Amino acid sequence: MEQELRKEASKLLEEGKVDYIVGFAPGSLKFSTTPLITKEKEEVASLVINPFIVNNLAKFLTEVLGRVGIVAKGCDSRSIVSLIQDNQVVRENVVIIGVPCSGLIDIVKVEKLVGKDRNEIDDIALQGEKVAVIVGGEKTELPTKKVLFDNCLGCEFPTPQEYDILIGEPVDTTCNRELGQEKMKELEGMTPERRWEFWKYQFSRCIMCYACRQVCPACFCERCFIEESEPQWVLPVSKWQDNLIFQVIRNIHVAGRCTDCGECERVCPVNIPLRSLTKKMYGLVNEMFHYEAGTDKNAPPLMTAYEYEETKDLIR
Amino acid sequence: MTTKKISKKDIGKLLEGWSRELTVFVPSKDKGVTEMAKWDGKDTSFLEWYRNTAIPAKASFLPASEKMFSFQKNTDGYHLELSKDQQKRIVFGIRPCDAKAMAIIDKVFTDSYEDPYYLSKRNNTILVGLSCTNPYDSCFCTSLGVEPTESADVDLMFTDIGDEFLIEEVTDRGKELMTIAVGAKEATKADDAKAKAVKVAVSGMLLRKVDTKDIAERLQACFSDKDYWEKVAAKCISCGICTFLCPTCFCFDICDELVKKQGTRYRGWDSCSFRLYTKMPMENPREEKWRRVRQKVCHKYEFYPMNFDVIACTGCGRCIRLCPVNWDITQILSSLPASVTSHSDK
Amino acid sequence: MPTTDTSSKKELLARGNVYLPHIVVIDKIIEETPSVRTLHFNFKDEKLRKKFTFESGQFAELSIFGIGETTFCISSSPSRNEHLECAINRVGLVTNAMHRLGVGAEIGFRGPYGSSFPLELMWGKNLALIGGGIGLAPLRSLIWNVLDNRDKYGNIDIIYGARSPTDLCFKYDLDSWNRDKTVNMTTTVDKSDENWTGKEGFVPTVLEQVAPSAKNAIAVVCGPPVMIRLTFPVLEKLGFLPEQMITTLEKRMKCGIGKCGRCNIGNLYVCRDGPVFTYAQIRNFISDEY
């Protein structure tokens, strides 16, 4: 698959169909990858596809100038479609190289289960229902369900629905969307007071690094609401009340754009379970509006359109 | 200097003894992230899981947000009340990279004007260092002149020699602290030898290296190379993780909070990676991302050494480990263009 | 070369906390233009009022408690210290709030910080003082300082311009300098209106027309960055060497004392090593961000 990807990407650059290729290259830490944004054909030879291609590259589409050939997993391609719906990306300027995804492995979970550090592990291979982890020549098999990222467990769109080129075969879409929602279900079962205490505790350690916002493709505002000073909605320094407001409003703003790629939770340096909020919003959007973000590039963005019948309840 | 030692089993008693006189901070996971936090009085399990905290020790001296003073508008005008933090503390378990980082940023907080908040915390805190046993693959302290097992910037240095810690007194404050140390015994020559062997072994475990010779000159030479910096900055997403979690980053913001007629002035972490960091009403000198990335690298390896004779980096590797896009400073420094036209032609 | 006033620094340090503002009370407000007003204020503490000194070119951090703190250069002269003056241009949260204050309001004052105009180097020299828009604020402190010690200096040319007649700041000063026979005063506007009888043209252009001599002279340029960048080449054409050209730079600031890291140009901090710089220094700046 990697060879095919490199060939296609190289061809796109050669034929002048795109100015940049955006994909994944091997990272500087074991079992990691890093985004590659390049114009050079030689660098395209380092593109990879493996179970560690975590980043949502759609983020770079709002930054990179020119026509882009972008490697997109299922969730990423939905983010791209969502950006097209919001008029942030012009469809003709993007060549979507779809990569069907069987799930991404969370190295932290693997490290915990085998009790070894990532650089003591020789190899990790995703083999269907099992993941083979080789440490010091010895192989351990772990159930795939135990080492994938939570949002991968409930993924409904592992194969990109919108693409120009598809690398490899489409992946079976019989995922159970109830999976990977334990944390959220636990929260739903709490009383409002208990839940408030939970989030107050979580957001006390938020350091306002804005990584969750910066990594999210749906956060493309030129000037984010927290950067406003007249009026000042939240303080620029970390206070649990302001941290909480920030995240709640951010979730409201990305409602209908969030594709549950899980990046916000993965990048949070202080381990706040942000997906519990985003997934809840995702569920609400589904429930109230029967809407799945990024599945129809011709649909208007969710929060900017309404049916006349709806107004009878909302506008009084 | 006589060395002492203490059995790992007795660490609880040691900390207990100390906590009768001072507040003891230890590596903790209680809040959901690894950081230095107030010891709960009994749990010493950190000795098993602790490698390095995600939140660096600088947070104990320059917190993510702190009160500077409060103000109140009365009938006769404004009254300001300073926030004072005079708590006497021990930070137990600081790694050599984080300890050196404190010495590095001390310079900026004492230069020209003394920063009262930072310095009062520094002066009231005793640092008890803990030598590394298991460096991360992202650590590169030896490239910055830091040994993972030695430190001149702590008051006491604990080295893991198996079931015991060897204790070296580095400063007079450390010596004084040992006079109320419960459970410490005299170390033998064999213990000293063991410690020496451990130090050499751990130092050799660091695989990541970067050549920092003449780094300031090399950076100056490629300062105006826009294409190079655009390439370097391409995948950065301008969040604040690397700068916030960096033990030698110290940029801060000041803001006010008002509730009716009273309020507080806060200081908190800020980052040169943010787009609005240098924004002025009419222009923003670092609107483009490549300028901000260039500023971050050059400030740490060129500008800070020009002012204070020390590189503002101790190779702790947090920026590499926790960066969302695996942007790697060691890769950048190793790939500086060798010869470019110089910035100014005079 | 730029000097920092150290005597006030020790006095203010004696207070124990360099971030704690002193309370000052506004005793007069002058509306200069639709977006600029000058505040006259004094320390609430009598003792401080008597002891406080500063030098032309230095700045202060003024606070509105609950809103925030911003940097303003002190536009009054140290030679006229019955009160202090700052010119406030309405561009953001704090400055807009400053425009809503009335006489008697209390604000916070931290300072003076930064480097100042090198008066000793200017003694016995001819001066070309060039200002644009609100850039006249720091220059004004220097001008009154110089005029109050007139015999120490040679010829004085003042060239000041603004976008339009309504944007001219310190009109009362412009009148005084116009009437002052020891000074060669030229005022210009980029675009005049039907009532304007003075010169029309950009400051660098008018400077070339006035053509002050570079012999034994020092030029001081204060204004928006674009004006400064266009004025230096004109001065060079007139024969001024880089060491003879002085300017003030502006960057976003917070602490004002070289700690928060924000206002740096390369390894120099505008709050600590500036805001007064010579053109010779600027050309040798390690960074292109000014």
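The values are calculated or read from the model by the stated rules, or taken from the named source; none is laboratory data. It should be emphasised that the depicted structure is a prediction, and the values quoted were computed from it without experimental measurement. Counting neighbours? That spans all protein chains shown, and the Cβs are built from the backbone with ideal geometry, glycine included.
Quick check: is even one residue across segment C:43-59 surrounded by fewer than 19 Cβ atoms within 10 Å (Cβ to Cβ) and in a strand (DSSP E or B)?
yes
Working carefully through the options C:L139, C:L129, find the one that is over 16 Å from C:H83 (Cα atoms), touching a residue at least 60 places away in the same chain (Cβ under 8 Å) and not in a strand (DSSP E or B).
One residue alone meets the criteria, C:L139.
Given the conditions (1) over 19 Å from the mean Cα position of the chain (by Cα); (2) aromatic (F, W, Y); (3) part of a loop (DSSP other than H, G, I, E, B), and given that B:F250 satisfies all but one, which numbered condition is not satisfied?
The number of the failed condition is (1).
So which of B:G32, B:G93 ends up being part of a loop (DSSP other than H, G, I, E, B), of a type outside the set (A, V, I, L, M, F, W, C) and either at pLDDT below 90 or on the phi > 0 side of the Ramachandran plot (or both)?
Just one listed residue meets the conditions, B:G32.
Against the conditions (1) assigned by TED's automatic domain parsing to the domain that holds A:A9; (2) at pLDDT 90 or above, where does A:E141 fall short? Just the number, please.
Every listed condition holds for A:E141 apart from (1).
Among the residues of segment B:260-302, count how many are in contact (Cβ under 8 Å) with a residue 40 or more places away in the chain and not in a loop (DSSP other than H, G, I, E, B).
Residues that pass the stated criteria total 20.
With the requirement that a residue be buried (at least 19 other Cβ atoms within 10 Å of the Cβ), free of Cβ contacts under 8 Å to residues at least 60 places away in the same chain and facing another protein chain (nearest Cβ under 8 Å), what does segment C:264-285 give you?
Result: C:N264, C:G266, C:N267.
Counting only residues that are crowded, with 24+ Cβ neighbours inside 10 Å and not in a loop (DSSP other than H, G, I, E, B), which one in segment B:119-140 is nearest to the other protein chains (Cβ to nearest Cβ)?
B:L130
Inside segment C:246-263, can you point out the residues that are hydrophobic (A, V, I, L, M, F, W, C) and either buried (at least 23 other Cβ atoms within 10 Å of the Cβ) or within 8 Å of chain B (Cβ to nearest Cβ) (or both)?
Result: C:I246, C:M253, C:C255, C:I257, C:C260, C:C263.
How many of the residues in segment C:152-180 are among the hydroxyl-bearing types (S, T, Y) and crowded, with 18+ Cβ neighbours inside 10 Å?
Going through segment C:152-180 one residue at a time, the tally reaches 2.
Does A:C219 qualify as being within 14 Å of chain B (Cβ to nearest Cβ), under 15 Å from the mean Cα position of the chain (by Cα) and part of a loop (DSSP other than H, G, I, E, B)?
Answer is yes for this residue.
Checking B:R318 against (1) at the interface with another protein chain (Cβ under 8 Å from one of its Cβ atoms); (2) among the charged types (D, E, K, R); (3) closer than 27 Å to B:R218 by Cβ, only one condition comes out false. Which one?
Here B:R318 meets the rest and fails (1).
Being within 7 Å of another protein chain (Cβ to nearest Cβ) and assigned to a helix (DSSP H, G or I) is the filter here, so list the residues in segment A:205-216 that pass it.
A:A211, A:Q214, A:V215
Could you tell me whether any residue of segment B:263-282 is of a type in the set (A, V, I, L, M), within 7 Å of another protein chain (Cβ to nearest Cβ) and surrounded by 21 or more Cβ atoms within 10 Å (Cβ to Cβ)?
Looking through segment B:263-282, none of the residues is of a type in the set (A, V, I, L, M), within 7 Å of another protein chain (Cβ to nearest Cβ) and surrounded by 21 or more Cβ atoms within 10 Å (Cβ to Cβ).
So, of the residues in segment A:172-204 that are under 30 Å from B:W327 (Cβ atoms) and under 23 Å from the mean Cα position of the chain (by Cα), which turns out to be farthest from the other protein chains (Cβ to nearest Cβ)?
The qualifying residue farthest from the other protein chains (Cβ to nearest Cβ) is A:G180.
Hey, can you tell me all the residues within segment C:114-128 that are in contact with an Asp or Glu (Cβ under 7 Å, 6 or more places away or on another chain) and either within 14 Å of chain B (Cβ to nearest Cβ) or of a type in the set (S, T, N, Q) (or both)?
C:S115, C:S116
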